[in-house]
C-alpha cells in the first residue's frame, strides 16, 4: 500500500524467490483480494529476479561504503541503509520519469517530485552531504568548479589521433565503439559529419564513411539537434563460423520506426561544455540488441534473394529455393550464414556474384563445418557424415570426465529416474547447489538435437529434473558423459538405399514409462536414406489407459512431422504423390488408424488425434507394421541393453 500511495500506480505483479516471508496464507490472500499476480522464480535461479537481486547487491555495497567513509561501526547499518534508500529513491530515474532540478550552489541536489524539502529526513552522516565542498567555492558561496567537459572516447585504432588519449573504457562501450566512429563538431542546427578539429577530420577520412552507411543520429532532446554517427558495416553472408561472430550484419537492415537509445557509458559529446543538453542516439539502421533487429535483417535478405529469383518456403521461412531452366539452388539461412546447395557449380557462382552486388560476402568454398558440426562428404560412395567430436571433447574436459571408464550405453538398462530421488534435507540441497547439473544437461541437449539421436531419450529424462536434481540424477548425467567418451567419433551418416520412398518414419511409445505421473514416453524418427534427419521423444500430455492409446497418440504426433516433411519436399521441387510410410509395431494402433470405427477402449480419445485417419484416407500417409525388434523408434522410449541399443543405433545411421 505504501508503494502504491507513494508512486500513484497499481501493483499488478509481484515476483519473489518463494521465500518463507512471502508465502504466508495471510499475504497470499491479500494479493488475491487486491488482484496482484504472484510469480515465483525457479529454485537456485536468482537471475530470474535480476532487478531485485541487483539492487540487494547495490544496497549492500552502498551501505558498506557509507559506513566506511563515515568511520562508523556496523551497529549503524540500519540507519545507513535507511539513508541510502532514501537518497537512492530521489535520484534521477528513467523508469519513474524523474529529472533533477538545478539547485543553488550551496544546496544539496533535489528532484522535482512531491512537495516540501525532505532534507531533514536524512540522518546526520557527513557522507550524505551532496552539496559543493569548500574546494569548489571561492569563499563567497560561488561555485568555481569548472563544468564537466564532454569528451569523445575513440576506438583504439583512432585514439592516438585525439588531443588527449582516453582512459580504459567499459566493455559495453568498447563493443559499441567498434561498430561506429563519431565525428562531432559544434552545435549547429543541422546534421553534419565533419568537425573543425583536424584530428577528427583525419579519422573521418580514414573511416571512408558515406551517407548511406549512417547508422546512428545523435539527437538533443531539448533542441532537436542531430549529429551523424557512421559505420562502414557490410554483410558477409556466405561465411559460416566466421560470419556468425561478426557484429555488423544487422546493420544492413533498414529500420522502419523511430528507435532511440541512450549513449553508452564513456561516450560523451564534444562541444556541449555546459551540459545543458540531454542526448540520445536515434537509430537509422537495425542493430544487435533491438527487438526488431533480426526481423529487419530477415526482410532485407528476403527482398534481395527475391530480386535474384529465389522463393521463400512457406513451411520454413529460413529456406529459399531457386528453380529455373532445370537448375535448382537451395539456400538455408542461419542468421547471417548462408549455404548454397545445387548440382550446378556455375549456377552457384552466378548467385554469389549477384549477392556481391548487394553485400560484401566472404566465400569459404566447400562447406566443411556448420555451427560447430563437422560435415564430411564422400562423393565416391555418395555419403554425407555429420559429427561433433570437438564439442564432445570440450564437454568431457569441462566436467573432468576425460579419464573416466567409457560406458557402452547412454543409460543403464532398467533405470527409472524419479522425483523421489531429488534432495530432501538441507545438506543434500546445499551440496547440489555446487553441481552444474542444468548447465551440463543444456549442453547435452544441443548435442542430442544436432547429431546424436542415440542420447535423445536419456537427455529428455534428465531435463525433467532441472528444477530440483538429486545425486542419482547427476550420476545419470555422468553416465551419459562416459558413454560419449567411448563413442566420441560416431558420425551420423546419410547414404542412399534401395528404397523407393523419399523418407521413412517410425513411431513407438512406452506405456506409463514416467514413474512420477504414469505418462507415456513417445518416440519417432524420420530417415532419409540410411540416416535420421528428424527425431523426438516427447512425454505425452495425458495418461494413456492402454498401449493402443499411447501408440495411437504418438503416431499422430509423428504424422505431423511427416506432413511437414512432405510439404518441404514439395516446395523444393520433388513429387510426393505417393503415400509416406509410417511404421508401427502395434497392430491394434494400426487398426485404429486405418478404420475409424467405434471402439470401446478408444472412445474417450480426444478428437484432435483423429486427424491422422483423414491423412491416411487421403493417401498422404500409410500405416504399416514393423516387428518390435526392427522398430528403430524403440531407442527413444526406454533404456535398452547393450546389444539391442547398438543394433538400433546403427539403424539410425550412427557408425
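The values are calculated or read from the model by the stated rules, or taken from the named source; none is laboratory data. The structure displayed is predicted, hence computed values, not measured ones. Note: ideal-geometry Cβ built from the backbone for every residue, glycine included; neighbour counts use all protein chains shown.
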Being more than 25 Å from the chain's Cα centre (by Cα) and surrounded by 13 or more Cβ atoms within 10 Å (Cβ to Cβ) narrows it down to one of 23, 66, so name that one.
66
The lone condition residue 638 fails out of (1) outside any loop (DSSP other than H, G, I, E, B); (2) crowded, with 16+ Cβ neighbours inside 10 Å is (1)
Please specify each residue of segment 595-605 satisfying the condition of being closer than 25 Å to residue 580 by Cβ and either surrounded by 20 or more Cβ atoms within 10 Å (Cβ to Cβ) or touching a residue at least 24 places away in the same chain (Cβ under 8 Å) (or both).
602, 605
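Okay, residues lined up against (1) over 31 Å from the mean Cα position of the chain (by Cα); (2) free of Cβ contacts under 8 Å to residues at least 60 places away in the same chain:
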{"position": "483", "(1), (2)": "no, no"}
{"position": "497", "(1), (2)": "yes, yes"}
{"position": "501", "(1), (2)": "yes, no"}
{"position": "518", "(1), (2)": "yes, yes"}
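Residue check: is residue 436 within 29 Å of the chain's Cα centre (by Cα) and farther than 23 Å from residue 640 by Cβ? Outline the logic, then answer.
Working: within 29 Å of the chain's Cα centre (by Cα): yes; farther than 23 Å from residue 640 by Cβ: yes.
Criteria met by residue 436.
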With respect to residue 457, determine if the residue is within 28 Å of the chain's Cα centre (by Cα) and farther than 26 Å from residue 512 by Cα.
no
Could you pull out the residue among 629, 556, 580 that is in contact with a helix residue (DSSP H, G or I) (Cβ under 8 Å, 6 or more places away or on another chain), surrounded by fewer than 18 Cβ atoms within 10 Å (Cβ to Cβ) and within 19 Å of residue 523 (Cβ to Cβ)?
629
Evaluate the following for residue 328: is it within 15 Å of residue 350 (Cβ to Cβ) and in contact with a helix residue (DSSP H, G or I) (Cβ under 9 Å, 6 or more places away or on another chain)?
yes
Expected single match for within 23 Å of residue 519 (Cα to Cα), under 22 Å from the mean Cα position of the chain (by Cα) and not assigned by TED's automatic domain parsing to the domain that holds residue 522 among 443, 464, 452 is 464
Matching residues, segment 30-51, being assigned to a helix (DSSP H, G or I) and surrounded by 14 or more Cβ atoms within 10 Å (Cβ to Cβ):
31, 49
Which numbered condition residue 596 fails, given (1) under 39 Å from the mean Cα position of the chain (by Cα); (2) outside any helix (DSSP H, G or I)
(1)
